[in-house]
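Reviewing the structure listed below.
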């Protein structure tokens, strides 16, 4: 079973379009959250993710789109959420509101979450070099859910990576719409759920188109500037 893995789209439609065009044939697609925020196309990206993804979990920006003032210390984040709140319909806002914190896919063998898999650590960043420290939490998932856990997919850091942790695959497909690992190309991954293998992929997209739309939307200049540097 081949699964397309998306995360951290962040309302970047050109990046999402490039990823979906580049993605090889898969059996299903899942999204690890943060569909909206930062960039100019929240409604379009929400609609496209709803169309292609069989499962989507709630990211921190998805969770706070109706309360952008919670990001007052980060003007880029606050402005992106204010823009999303204006652009989204009530039905779209409701869809984001109803997203689960976590879910299972590939017959219950893989767990999908946006940030840290422990509910009491929601919002915590887990970078690829920290994946081995998730071993205890993976065992807790097995015990709590009585699951045959083969892997975990998460996002949030915008840093692409994969590692085997006690025989289980942990993957961050990277950010579609705002990479932060020094590579400006849009990031995603394709998981072979049966083999327990993942192909981490990158694809270039039209960053100039995003920068022009950022300016038209009145979003902060740095929202576009960081895309050129993958930061």
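Read-outs throughout are calculated quantities, based only on the coordinates presented, and are distinct from any laboratory measurement. If you're wondering where the values come from, they're calculated on a predicted model, not measured in any experiment. Because the Cβ atoms are built from the backbone with ideal geometry, glycine has one as well, and the counts that use them run over all protein chains shown.
Counting other C-beta atoms within 10 Å, which of 62, 22 has the fewest, and how do the rest follow?
22, 62
If you take every DSSP beta bridge fully contained in the chain, what fraction is antiparallel? Give it as a percent rounded to 5. Write down the numbers at each step before the final one.
Details: 20 of 32 bridges.
If I count the DSSP bridges inside the chain, around 60 percent turn out antiparallel.
Among 116, 61, what is the fewest-to-most ranking by other Cβ atoms within 10 Å?
On the way: 116 18, 61 27.
Least crowded to most crowded, the residues run 116, 61.
Hey, fewest Cβ within 10 Å first, where do 26, 35 land in order?
26, 35
Sequence gap at least 6, Cα distance under 8 Å: using those rules, report the relative contact order of the chain to the nearest whole percent. Numbers along the way, then the final one.
Working: 548 pairs, mean separation 54.7, N = 231.
Relative contact order for the chain comes out at 24 percent.
Of the listed values (i) 29, 22, 15; (ii) 28, 18, 16; (iii) 30, 17, 16, grab the one calculated as semi-axes √(5λ) of the Cα gyration tensor in Å from the structure here.
Step by step, semi-axes √(5λ) of the Cα gyration tensor in Å for this structure corresponds to label (ii).
Using the alpha-carbon atoms, what tilt in degrees (0 to 90, nearest 10) does helix 75-87 show relative to the longest principal axis of the chain?
Taking the Cα atoms of the chain, the angle to 75-87 is about 80 degrees.
For segment 148-231, which semi-axes, largest first and in whole Å, follow from the square roots of 5 times the eigenvalues of its Cα gyration tensor? It would help to have the intermediate numbers written out before the result.
Details: eigenvalues 194, 25, 18 Å².
Here the semi-axes work out to 31, 11, 10 Å.
Which values of log₁₀ I(q)/I(0), to two decimal places, follow from the Debye formula for segment 100-179 at q = 0.12, 0.15, 0.20, 0.24 Å⁻¹ with a uniform point scatterer at every Cα?
Values, matching the q order: -0.29, -0.46, -0.84, -1.22.
222 nm [θ] for the chain, helices only, -39500 (n - 2.57) per DSSP H run of 4+, per residue, to 500?
Values: 8 runs with 77 residues, N = 231.
-9500 deg cm²/dmol, from helical runs alone.
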